[in-house]
Every structure is written in C-alpha cells, then in structure tokens.
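**Student:** Here it is, the structure, as structure tokens.
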Amino acid sequence: MKALALLVISGLSGMVAAAELPAAAGSQGQPAVEQYNYSMHLDIARVVRLDEIPNVCGVVPVQMTYQDHQGELHTIEYSVMGNGCSNG
C-alpha cells in the first residue's frame with residue numbers, strides 16, 4: 001500500500017514538473033516579438049542584440065532585443081530604410 005502511494009505521488013509530481021517546463025522554457029528563451037509603435041514607452045537599460053540593416057533599397061523590418069531596468073528581456077520589431085539606396 002505504501003509503495004502504491006509513493007508511485008502515485010511521484011507520478012503526480014512528475015506531471016506537475018512537466019506542466020511547468022514549457023512556461024519556464026518560454027520565459028528564459030527568446031522573448032515574444034512585439035511590433036513597435038510610436039506610442040510605446042520603452043524602458044531600455046541595455047541593448048542585447050540589434051539586427052544589421054540589410055543592403056537593400058527599401059523599407060525593411062529589423063529587430064532589437066533589450067533588457068529593461070527590471071532585468072526582463074524584450075524584442076521589438078520596427079521598420080528602417082535599407083542601406084542599399086544611393087543618390088548617384
């Protein structure tokens with residue numbers, strides 16, 4: 001009877017741990033990408049990653065990952081003009 005109770009308890013604790021894994025992996029992995037708009041207040045303490053601007057002539061999306069003052073990571077996507085345009 002004690003062995004059965006131990007099996008049930010270990011099985012339940014295993015299910016609880018498995019249920020928590022995706023949440024923990026998502027919070028420590030790459031943050032969800034937010035679309036930037038001019039009304040957003042950005043709390044940028046440190047820039048972690050910034051995409052290079054492509055060598056194309058046109059508007060292209062780029063992403064920036066930053067850490068806020070609470071230590072949380074955020075990724076925003078915004079539009080920039082590519083570096084491939086020339087005036088001559």
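The values are calculated or read from the model by the stated rules, or taken from the named source; none is laboratory data. In this text the structure is predicted, and so the values were computed from the model without any measurement. Note that we place each Cβ from the backbone using ideal geometry, even for glycine, and neighbour counts take in every protein chain shown.
**Student:** Among the candidates H74, H69, which residue alone is at pLDDT 95 or above and either assigned to a strand (DSSP E or B) or surrounded by 13 or more Cβ atoms within 10 Å (Cβ to Cβ) (or both)?
**Tutor:** Answer to the check: H74.
**Student:** Tell me which residues, restricted to the range 77-88, are among the polar types (S, T, N, Q) and in a loop (DSSP other than H, G, I, E, B).
**Tutor:** N83, S86, N87
**Student:** Going by what's in this entry, would Q35 be described as at pLDDT 90 or above and surrounded by 11 or more Cβ atoms within 10 Å (Cβ to Cβ)?
**Tutor:** It is false that Q35 is at pLDDT 90 or above and surrounded by 11 or more Cβ atoms within 10 Å (Cβ to Cβ).
**Student:** For the range 36-66, what are the residues that are in a loop (DSSP other than H, G, I, E, B), of a type outside the set (D, E, K, R) and within 25 Å of S86 (Cα to Cα)?
**Tutor:** The answer is I53, P54, N55, V56, C57, G58.
**Student:** Related question: Assess whether G82 counts as being in contact (Cβ under 8 Å) with a residue 24 or more places away in the chain and surrounded by 13 or more Cβ atoms within 10 Å (Cβ to Cβ).
**Tutor:** Against the criterion (in contact (Cβ under 8 Å) with a residue 24 or more places away in the chain and surrounded by 13 or more Cβ atoms within 10 Å (Cβ to Cβ)), G82 qualifies.
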